[in-house]
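A quick write-up on the structure given underneath.
We did not get these values from a lab; they are worked out from the coordinates using the rules stated. Since the structure is predicted, the reported quantities are computational estimates derived from the model, not experimental observations. Cβ coordinates were reconstructed from backbone atoms using ideal geometry, including for glycine residues, and neighbour counts include every protein chain displayed.
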Ligand code: BG6
């Protein structure tokens, strides 16, 4: 057998063979961007791997007046454009498209929801669906409450079968609005039927943080303040705000990324081992650690937070415009496109270990990583000179791109003398498992159909995160600390460098 034909034992079991209970998924906002880029391609890929049960149906629901056929045509185009797997399997696609239909729904009109209810009943009888419903709000957040209340008014949240609602981040824009949203949703659906999507949790590499920590015995004993010096979490993007000026100018990096994706990474890195990998145990531990993060208040906000905004510059050899020149952004906007925080976790494990978090747009490269920096050895056995080229040990969990994990340690340089240099021990997903990971939305949609909310954020997690973010937002609105400018293509404003320098540290260059 030639080497390239040998089966890779690690590639076994890579497909998700779980099959969901049959249901109708209603996608509100079905003609919009999220549905076309992510949801419909993810459903097609689930169909391809046979995870969609017989009878499963999708009803597109949006304001536009389109026919079933026009919706199917749109879906087909989007799937061709955005599917993770290519080429498209025509037989699978045709079967999938035949399960699609469309109902025009104006969210303010109860009659439209009644018409939707009628369509769902017809599908139940023609496709033998036992009343199971998933309502996916792929719509702007201000519509979530209206949709939920209309579903209730049209009695679409009751009857035989399960009834689940899926909402996308942002969950509110501060603690109060998040609570209000939760209260409304909970009037209509019990908490365990509310699926709040933070798509980072669907990423394989994010789930692997828990596998790395808790499926191995050698890392956890060193995963604490005894040996760890600091943790750096970076969510860097080359892209600017693209066509999302209207949303982004209201949100900023702190609300858009830090409140959700970045704090989720903090929680997964810092949480205690859950009793089991189930929704209650995992989310209980995440909430506990988020509550142990010391809120930044008063003077600490000026000392421990940095906000920045990109001006014109160069990213990957291309000239880019400044944030204030972007479409739908106020010309004198003070919205941050970069945020950095120094966080402390007040518990036994992490006392004295700073967690530095940064997120930004128009940075030199797109990379998301968690870098766990260890302390220096307590004694210089080989003398200062031999150790000149050695950095302290570090474990980097690379979330994207080039997904993998690396461990940095010192090794003797092969030569007569004794010089030590840092080297890396690397694990890469692609070379180890030979396949690309599924899209986050494939995993999350399937989990929702199956009824497993482990990878969705619970109301108390969302609130714990806003509790940390609100005082910072308020101070930033009052101009403290001042907004630092950085040219597109730089690693944020000067103050970001100084934040770590003040502690005798520096940011890792991914
Ligand atoms: C979204 C943010 O939640 O995440 C975007 O709203 C950001 O601003 C995106 O670009 C990043 O996601 P990913 O999967 O590309 O890292």
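Highest mean first, the peptides 448-456, 385-393 sorted by other C-beta atoms within 10 Å per residue fall in the order 448-456, 385-393. Applying 0.36 nm per residue to the separation of residue 64 and residue 215 and subtracting their alpha-carbon distance, the gain on full extension is 49.5 nm. Cβ crowding within 10 Å ranks 505, 362, 384 as 384, 505, 362, fewest other Cβ atoms first. Model label sites at residue 227 and residue 179, defined 7 Å from Cα along the beta-carbon direction, differ in position by 4.2 nm.
FRET efficiency for the pair residue 327 and residue 413, taken as 1/(1 + (r/R0)^6) with r the Cβ-Cβ distance and R0 = 41 Å, rounds to 0.15. Taking only the Cα atoms of the chain, the radius of gyration and Dmax are 24.4, 84 Å. Note: relative contact order over the stretch 277-432, using C-alpha pairs below 8 Å and six or more positions apart, is 14 percent. Length gained on full extension, residue 114 to residue 452, computed as 0.36 nm times the residue gap minus the Cα-Cα distance: 118.8 nm.
Its DSSP H runs of at least 4 residues, each contributing -39,500 (n - 2.57), put the calculated 222 nm mean residue ellipticity of the chain at -10000 deg cm²/dmol, to the nearest 500.
With the cut-off at under 19 Å, measuring from each backbone N in the stretch 476-510 to a point 7 Å along the Cα-to-Cβ line of residue 422 picks out 491, 497-510.
Note on the stretch 123-162: the alpha carbon radius of gyration divided by the globular reference 2.2 N^0.38 Å gives 1.33. Considering all C-alpha pairs of the stretch 257-310, those separated by over 17 Å amount to 49%. Between the stretch 354-393 and the stretch 460-506, the C-alpha centres lie 21 angstrom from each other. The stretch between residue 89 and residue 503, if pulled fully straight at 0.36 nm per residue, gains 143.5 nm over its current Cα-Cα span. Taking the Kirkwood radius as Rh and the Cα radius of gyration as Rg, the stretch 419-510 has a ratio of Rg/Rh equal to 1.10.
With neighbour counts taken as other beta-carbon atoms within 10 Å, the residues 169, 412 rank, fewest first, as 412, 169. The spread of Cα positions in the stretch 349-496, taken along each principal axis and listed from longest to shortest, comes to 60, 46, 36 Å. Taking every C-alpha pair closer than 8 Å and separated by at least 6 residues, the mean separation divided by the residue count of the stretch 340-406 gives a relative contact order of 27 percent. Inter-label distance, residue 244 to residue 334: 2.4 nm, where each label sits 7 Å from its Cα along the C-beta direction. Computed log10 I(q)/I(0) for the stretch 159-255 at 0.11, 0.21 Å⁻¹: -0.60, -1.14, from the Debye equation with unit scatterers placed on every C-alpha and solvent omitted. Put in order of Cβ neighbour count within 10 Å, fewest first, the listed residues 476, 507, 466 become 507, 476, 466. For the chain, averaging the sequence separation of C-alpha pairs within contact (under 8 Å, six or more residues apart) and dividing by the residue count gives a relative contact order of 17 percent.
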